[in-house]
Amino acid sequence: MEIVADLHIHSRFSAATSEDMRISALVYYGKIKGLDLIGTGDAVHPKWIQELEEELMQEEGGLYVSKSASESPRFMPTVEVATVFEYEGKSRRIHHLILLPSLDEAKQLSDVLKTKGNIEQDGRPTLNITAAELIDLTLSVSNEVEVIPAHIWTPWWSLFGSVSGFNLVEECYQDRVDKIHALETGLSSDPLMNWRLSRLDKYLLVSNSDSHSPLPHRLGREANVFELTNLSYKEIINAIRKIGRSKLKYTIETYPQYGKYHWTGHRACNISMPPQDAIKLKGICPKCGKKMTLGVEQRVEELADRALGYKPEGSPDYKYMLPLEEIIGSAVGASTFSKAVQTKYKMLIESFGSEFRAAFQAPYEAISKIAGVEVASALKAVRENTVQIKPGFDGVYGEIEFPQLKEKKKLKGTLDDWS
């Protein structure tokens, strides 16, 4: 059976996160989106753990469901942790996604991590320990805990980040690198870009939303589609660790150009450019002479040893998709939250059962009848990868144009994450 999983989100106890990030909202919007499995996020925060224990019950297989909802997506305890440490005279700031077998292990990890930093200040705690030490701390709780480097290319707080990251996975995790099995690509990169680095072939590439809001245009905007016999924690972990046949069928990807760090640029001067131009300028803004923020595409170019287009044998596939509400908004020329957009969105969900079904499976003729020709045309362009994209840069989101529409409509990024 196909399982759609978004394993990286945050609760309302994380900074800059919606107050609506509660289990009830995640159940409601998760079903609308079409998610079968959702990470809880923030699973070492004491107040969030308490709510999770009150509102969730564990099923056979180790995953959880809502106690109050008749139909509920499964939940897996997860948390993102930031580590800050020195390496070769430079401060390194890395985000790590941690998957946990149960809330019992989450509480144990919470007790362990509180000796290393303040775990109550933010749902994503910041700890002054090395990445290898973090692995040791998780192993002290259980061998079944999985650590995944988060949004690995974003300039700040990531494994390969240009500001405070590394050039090699081994540099970051040292003698614990054998415990790393997967890498989260983040919104500003996709598998195609990561396949340019032969050193990453041994890692599974996963995608998650890093959502700070339960709304469908945030939740599940990137996700993983597994082909499983049974939905359980062990099956998901075995798939991530590539035990047995490959069970990750494909990932759902936002266009990387849509992310806010894809190209190199300087927001204050509204300057952005592809790698080849930025390299010629030595990363200096041509308007003000200040250093530009190095984009993900250029950072990949620095480390790549393959041409774009190579696919390692046996690698899971990927599919591009944009949040359906934003596609509709662009097609009708209205905001995501407008009545016109929400009416069409709800009609599509009612007709096809979930956003993913409408986005990936619904016939264009049916979409056209329900939501209009322009919505069908825009969705067709996304499915067929014929949209035109002005890449994001230096914290400015990308813009997507639909030339097929009668009036050229632009879709501006509204993502709220690190990548």
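The values are calculated or read from the model by the stated rules, or taken from the named source; none is laboratory data. Treat the numbers as computed from the prediction; the structure is a model and nothing was measured. Cβ placement follows ideal geometry from the backbone for every residue including glycine, while neighbour counts extend to all protein chains displayed.
In region 126-147, the qualifying residues are those that are surrounded by 16 or more Cβ atoms within 10 Å (Cβ to Cβ) and among the polar types (S, T, N, Q), and the one that is farthest from G62 (Cα to Cα) is T130.
The residue of region 330-341 that is nearest to R383 (Cα to Cα), among those that are in contact with an Asp or Glu (Cβ under 9 Å, 6 or more places away or on another chain) and surrounded by fewer than 23 Cβ atoms within 10 Å (Cβ to Cβ), is V332. When I327, I279 are screened for being crowded, with 21+ Cβ neighbours inside 10 Å, out of contact with any Gly (no Cβ under 9 Å at 6 or more places or on another chain) and among the aliphatic types (A, V, I, L, M), only I327 passes. Looking only at residues of region 176-223 that are among the polar types (S, T, N, Q), within 23 Å of Y397 (Cα to Cα) and not in a loop (DSSP other than H, G, I, E, B), we find that the one that is farthest from the chain's Cα centre (by Cα) is N194. Scanning region 236-264 for residues that are surrounded by fewer than 20 Cβ atoms within 10 Å (Cβ to Cβ), outside any loop (DSSP other than H, G, I, E, B) and either outside the structural domain of T185 (by TED's automatic domain parsing) or among the charged types (D, E, K, R) (or both) yields a total of 1. For region 28-42, a residue qualifies if it is out of contact with any Lys or Arg (no Cβ under 9 Å at 6 or more places or on another chain), small (G, A, S) and under 19 Å from E54 (Cα atoms), and exactly one does: G39.
How about region 139-157: which of its residues are within 13 Å of the chain's Cα centre (by Cα) and among the hydroxyl-bearing types (S, T, Y)? Lay out the reasoning, then the answer.
Filtering region 139-157 down to residues within 13 Å of the chain's Cα centre (by Cα) leaves 148-154.
T154 - this is the single residue of region 139-157 that is within 13 Å of the chain's Cα centre (by Cα) and among the hydroxyl-bearing types (S, T, Y).
Meeting the requirement of 1 or more residues that are modelled with pLDDT under 95 and either of a type outside the set (S, T, N, Q) or not assigned by TED's automatic domain parsing to the domain that holds M292 (or both), the helices (runs of 4 or more DSSP H) wholly within region 346-419 are 373-383.
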